[in-house]
Amino acid sequence: QVQLVESGGGLVQPGGSLRLSCAASGSIASIYSMGWYRQAPGKQRELVAVIISGGITRVADSVKGRFTSTRDNAKNTMYLQMNSLKPEDTAVYYCNALIRTAQGGPPNNYWGQGTQVTVSA
């Protein structure tokens, strides 16, 4: 089995920073992509940032210049550095990964449990 465990959420004032981490563990053969999504109350889940094999990164326009995603392949971990946070960044942030397990077969999509980020004065 594969698990994604997020950490680093919390309450921060507008203009502040937070760093989220997502660690993948279990019977992992290959990680094709890792990404962050968020879902605010009453809204659909949306992509924040994703890193695919080869280091290609895609970042949502709403967070460009403020959020930076990085990946440590040796640790199967992805980070999301969030700077200049705004109240509209408040959401539950979910880690996502496309992983092929050691059992073989096609890769599967996995989700973390989510971590709350609240930006408020």
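The values are calculated or read from the model by the stated rules, or taken from the named source; none is laboratory data. It should be emphasised that the depicted structure is a prediction, and the values quoted were computed from it without experimental measurement. Cβ coordinates were reconstructed from backbone atoms using ideal geometry, including for glycine residues, and neighbour counts include every protein chain displayed. To get the accessible areas, we keep the full protein, side chains included, count just its heavy atoms, and leave off ligands, DNA and RNA. Shrake-Rupley method; radii C 1.70, N 1.55, O 1.52, S 1.80 Å.
The number of residues in the stretch 81-106 that are among the charged types (D, E, K, R) and either touching an Asp or Glu at 6+ places or on another chain (Cβ under 7 Å) or assigned to a loop (DSSP other than H, G, I, E, B) (or both) comes to 1.
In the set (1) open to solvent by 20 Å² or more (accessible area, probe 1.4 Å); (2) over 24 Å from A121 (Cα atoms), C22 fails one condition alone, (1). Does any residue of the stretch 49-58 turn out to be among the β-branched types (V, I, T) and surrounded by fewer than 11 Cβ atoms within 10 Å (Cβ to Cβ)? Yes, the stretch 49-58 contains a residue that is among the β-branched types (V, I, T) and surrounded by fewer than 11 Cβ atoms within 10 Å (Cβ to Cβ). Looking only at residues of the stretch 1-24 that are of a type in the set (G, A, S) and not in a loop (DSSP other than H, G, I, E, B), we find that the one that is farthest from I56 (Cα to Cα) is G10.
Between V63, V119, the distinction of being open to solvent by less than 40 Å² (accessible area, probe 1.4 Å) and touching a helix residue (DSSP H, G or I) at 6+ places or on another chain (Cβ under 6 Å) belongs to V119 only. For the residues S21, S25, the requirement of being over 10 Å from the mean Cα position of the chain (by Cα), modelled with pLDDT of 95 or more and among the hydroxyl-bearing types (S, T, Y) singles out S25.
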